[in-house]
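For reference, the structure discussed in these notes is given below.
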Amino acid sequence: MIEIFGKYSGYILASYGISAVTILLLIIWVYQDGRILNKTLSELNERGIRRRSDHANK
Amino acid sequence: MGKKSFHIWELANPTRFLIILDRIMKPLLILTILSIAVGLYFSLFASPEDYQQGATVRIMYIHVPAAWLAMFAYTVMTIASLGTLVWKHPLADVSAKSAAPLGAAFSFICLTTGSFWGKPMWGTWWVWDARLTSMLILFIIYLGLMSLWRAIEDPIRAGKAVAILTLVGFVIIPIIKFSVDWWSTLHQPATVFTMDGPKMASSMLVPLLIMAVASTLLFTVLHLKAMKNEILRRRIRSMQMRAARKAGSGATSVATPSTP
């Protein structure tokens, strides 16, 4: 056990650890979701499927 | 008179929103990382131990901002729900949907870090007192709202149903805030936002406020990014539906001549 915070090190490190893991998972989830959506969007564009507003702008 | 007038409603345009988002995201991200680094340094190393609680007071620097953010996220969702139901703002339900998982995550952090703080100080991981129970209810409300979003396929219909439930659920926010005043709880009363000002030494208050700002910036970055994702998801959905309709009408027009 790392004793940098005295006898309560375990509780403190566990708190910061769980928070870090939760936030890290949240960041990975949000950015991974964005990557998948961008990929799907470019695949649709490559297939010639566009939004109605894109057609209207041309 | 010939000048084109600017309407605030123009900001509601999702395309314009995405352009603004792309411009502000990088500086916001840098600011968030810097503030988290400074906040963690103060919280873990450059702040004193409490004369009664010892080093466990360091848990406060993540527990309290997480609690504030859990309530702040729900308040954002409530305002967004009003935007959905009253003003029919096109980004309102996008905002509400994107904030729910973030609020759930911060509620989870608040509950778990509270347990890790409670065990050495109270001698128990959990107690069914008003503050802890109401925070647990908020976490469950978040999970319920996220499930409802997934249960209804049409995002417009889902947005309206979730908005009504969100407004009803807002009652939990004042209950959480004032639970320590209304009931006798094991949880300590408010020490920062009180009528007489903060009841905390500035050596602890400053790190706490830095962590609160850092957490709020983190929430903002993730919320904006999740909102962008939701806008893209809806665009993809409408493009896929448009493609399916086109394919369907093409199939009908081909099939029609051969019909006797």
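The values are calculated or read from the model by the stated rules, or taken from the named source; none is laboratory data. Computed from a prediction, not measured in an experiment: that's the story for all the values here. Heads up, the Cβs are rebuilt from the backbone with ideal geometry, glycines too, and the neighbour counts pull from every protein chain shown.
Per the listing B:Ser95, B:Ser115, the residue uniquely of a type in the set (Ser, Thr, Tyr) and touching a residue at least 40 places away in the same chain (Cβ under 8 Å) is B:Ser95.
Reported count of residues in segment B:102-147, each being out of contact with any helix residue (DSSP H, G or I) (no Cβ under 7 Å at 6 or more places or on another chain) and over 29 Å from A:Ile28 (Cα atoms), is 7.
Please work out which one of (1) buried (at least 18 other Cβ atoms within 10 Å of the Cβ); (2) not in a helix (DSSP H, G or I) is the condition B:Gln188 fails and give its number. All conditions are met except number (1).
Could you grab me the full set of residues in segment B:26-59 that are more than 10 Å from every other protein chain (Cβ to nearest Cβ) and either under 21 Å from the mean Cα position of the chain (by Cα) or closer than 22 Å to A:Tyr31 by Cβ (or both)?
Taking segment B:26-59 first, the residues more than 10 Å from every other protein chain (Cβ to nearest Cβ) are B:26-35, B:37-39, B:41-42, B:46-48, B:50-52.
Of everything in segment B:26-59, those that are more than 10 Å from every other protein chain (Cβ to nearest Cβ) and either under 21 Å from the mean Cα position of the chain (by Cα) or closer than 22 Å to A:Tyr31 by Cβ (or both) turn out to be B:Lys26, B:Pro27, B:Leu28, B:Leu29, B:Ile30, B:Leu31, B:Thr32, B:Ile33, B:Leu34, B:Ser35, B:Ala37, B:Gly39.
The set of residues from segment B:118-141 being within 14 Å of another protein chain (Cβ to nearest Cβ) and either over 21 Å from B:Trp183 (Cα atoms) or in contact with a Pro (Cβ under 6 Å, 6 or more places away or on another chain) (or both) comprises B:Lys119, B:Pro120.
The residues of segment B:105-116 that are more than 9 Å from chain A (Cβ to nearest Cβ) and either within 11 Å of B:Leu69 (Cβ to Cβ) or among the charged types (D, E, K, R) (or both), listed by number, are B:Ser107, B:Cys110.
Could you tell me which of the residues B:Arg131, B:Arg150 is under 19 Å from the mean Cα position of the chain (by Cα) and part of a helix (DSSP H, G or I)?
Values: B:Arg131 fails: under 19 Å from the mean Cα position of the chain (by Cα).
The conditions single out B:Arg150.
Among the listed residues A:Ile28, A:Ile12, A:Ile49, A:Ile36, identify the single one that is at pLDDT 95 or above and within 8 Å of chain B (Cβ to nearest Cβ). I'd like the intermediate steps shown before the answer.
Numbers: A:Ile28 fails: within 8 Å of chain B (Cβ to nearest Cβ); A:Ile49 fails: at pLDDT 95 or above; A:Ile36 fails: within 8 Å of chain B (Cβ to nearest Cβ).
Exactly one residue qualifies, and that residue is A:Ile12.
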